[in-house]
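Presented below is the structure to which this report refers.
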Amino acid sequence: MATCDLRLSNALVLTMDQRFTVHRRSSVAITSDSIVAVGAEADGYAASETIDCHGRVVMPGLVNAHTHVPMTLLRGLADDLRLDVWLMGYMMPVEREFVNPEFVTLGTKLGCAEMIRSGVTCFADMYYFEDAIAQATADAGMRALCAQTVLRFPTPDATSYEESLALAREFIERWRGHPLIVPAPAPHAPYTCTPEILRACAELAVEFDVPLHIHLSETALEVENSRRDHGMPVVPWVKKQGLFDAKVLAAHCVHVDEGEIRALKNFNAGVAHNPTSNLKLGAGIAPVARMLELGVDVGIGTDGAASNNDLDMFEEMRLAALVAKGTSGDPTALPARAALSMATRLGARAMHLDHLTGSLEPGKRADLIVVDLDQLHNVPAFDRDPNGIYARLVYASKSTDVVDVMCNGRWLMRDRALLTLDERELRAAAQVEARRVDVFLSSREVSVLQKLVAVGGAVEQESFEVQVKARVASEAPVLAVLASRHVTIVRSSHYHQYDTYWSFEDPDQGWLRYREDEFLEKEGKVTGARARLTLTGRTREEAFGAVLLFRSRYLAPAAHSARFYREYFRPAATSSKKIAAAGCSSIAASSSTCTSIA
Ligand SMILES: [Zn+2]
């Protein structure tokens, strides 16, 4: 008689294999870290330990195909904002200030505790200090694809992209071959990387034969910019940079066309669908039903807890199914069984880890969960429709119905009690961290200058601008004087100027001016544009009659739209001065006063 270490008996075994095999009142046999038999064959195994599952569901642990696990510590920090304000205005400044190895360790433990409690055994991460994340994950006993972020800007763990590339290489060398952790490089997104970074990351992934994790085509704006800058959408552009030489896991793919979906399939790239995050940030809805039809491996992810705001994969798979129906007007789109396969086997395939996890099959690691369907919100049970079990799990089960969780043959939760993490301790430590972030942001919120500095690039620059305004009957005498030898023109420029002024409840904050200049050629053709933010004192027009005195204190390049800054600074009032076609010439007369005529 065949023997095994552990036999889970009397279970409703959902294997989630390619044929969706189900075994009723049956067993799963486990030895060490692996599944040795499933179903009737497993029933015949003699085991050192046998656990009666009392008819509960035994199925593969859920696979969260895209997250930033330490961001659990930023959960609820800033919500209901547009993506760029949320990311550039809040997430990145806070990350620059707080993210260090201790921060990510705590955030990872918190995230692992939450995921284990909701039946997740494997996740794909992308963050900073990935080494500490991998360590905390391995300590918690979970399986993960841990991807070290590479960006073209300085990050919390590297001052340059060369440094973060070197970090990624060291990280991969250190963790390769670990039983739970698969290391990978993560070029954050095409718009935050250079072609050089994309190429270097792909080469790194190929060299070590590890996957590559990236965000692709998350927003319509990203695709628009790619078309404008590269003359093509995102997928063909990253292909040109050699990205698909690597085993790619692409998060989002919300705005991809038919050709791009076919390309993803051809290059065996996996996709992580993040319905909550995409809905919450207003990014749109990925065409996942079409992707599945064309054979793309599509998994489901929660994305980071700061944009979700939880890591609940039951909620995520239900939403994936519902959104596909709602947007297509077709209730047969993305049935429950397909949604559950995305959250298990297909997710593991998308992560290029399906040889290890994602289904209950002999030879795979013992990553499984026990789910109790005998709950008030899930009775009665009908047996007629073989797909009924998937509908019960996707449409009625809750993450709190997960009773036991095993990963790599080790129990991580039994009877809803965590075995590898201390929940109380984590809750208290997270709260301490939240207080520190609160203090940092609150002090920043009271000062427009602090907020200006936080978005980057602000420099102190004291300058004064004096304008003399006078009513003249005709411009001819003025032009004649300008043409005369009494006036020397030292510099002239010709541009359209669009000004927006924002004022704040506290007048001591001054005014913030958002100025867009369009530089013009003689014929009036626009040759370039520049946008700048200027934090100023009040103009003193009142006090000086016709003289307009304008004092600027801080200057910053404005890389974002006026709308971005309006939502970020939340001024009390806005006034715009849009001079549609002003020709401005700066001249210096012999008396060295500056004049500007509009
Ligand atoms: Zn993400």
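Computed from the coordinates by the stated procedures, all read-outs in this text should not be read as laboratory data. Just so we're clear, the structure is a prediction, and the values are computed from it rather than from any experiment. Neighbour counts are summed over all protein chains in view; Cβ atoms, including those assigned to glycine, are modelled from backbone coordinates with ideal geometry.
Computed values, structure above
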item: Neighbour-count ranking [beta-carbon atoms within 10 angstrom, fewest first] of HIS494, HIS273; result: HIS494, HIS273
item: Using a Förster distance of 25 Å, the FRET efficiency for THR488-VAL526 (Cβ separation, nearest 0.05); result: 0.30
item: Mean ellipticity per residue at 222 nm, deg cm²/dmol - from DSSP H runs of n ≥ 4 across the chain, formula -39500 (n - 2.57); result: -9000 deg cm²/dmol
item: The chain - Rg (one decimal) and Dmax (whole number), Cα, Å; result: 29.4, 111
item: Ranked list, fewest to most other Cβ atoms within 10 Å of each Cβ, for LYS525, LYS577, LYS239; result: LYS525, LYS577, LYS239
item: Ordering of 160-173, 285-298 by packing [mean C-beta count within 10 Å, highest first]; result: 285-298, 160-173
item: Förster radius 60 Å - calculated FRET efficiency between GLU170 and ALA470 (Cβ-Cβ, nearest 0.05); result: 0.35
item: DSSP bridge orientation in segment 1-78 - percent antiparallel, rounded to nearest 5; result: 55 percent
item: Long-range amide H partners of LEU212 with built H, under 5 Å; result: LYS247, VAL248, LEU249
item: In segment 312-391, the chymotrypsin sites (Phe, Trp or Tyr not before Pro) that fall in loop regions by DSSP, at most 16 other Cβ within 10 Å; result: PHE382
item: Amide H contacts of THR50 (H built 1.01 Å from N, under 5 Å, at least 5 apart or other chain); result: ARG7
item: Prolate/oblate/rounded call for segment 22-69, Cα gyration tensor, a/c under 1.5 rounded; result: prolate
item: Ranked VAL28, VAL370, criterion: other C-beta atoms within 10 Å, fewest first; result: VAL370, VAL28
item: Added length on full extension, which subtracts the Cα-Cα distance from 0.36 nm per residue, THR192 to PHE440; result: 86.7 nm
item: Candidates per trypsin sites (Lys or Arg not before Pro) in segment 1-103, loop by DSSP, up to 10 other Cβ within 10 Å; result: ARG19
item: For peptides 44-55, 130-141, sequence by mean Cβ density within 10 Å, most packed first; result: 130-141, 44-55
item: 27 Å Cα-Cα reach of LYS240 towards lysines, excluding residues that sit fewer than 8 places from it in its own chain; result: LYS265
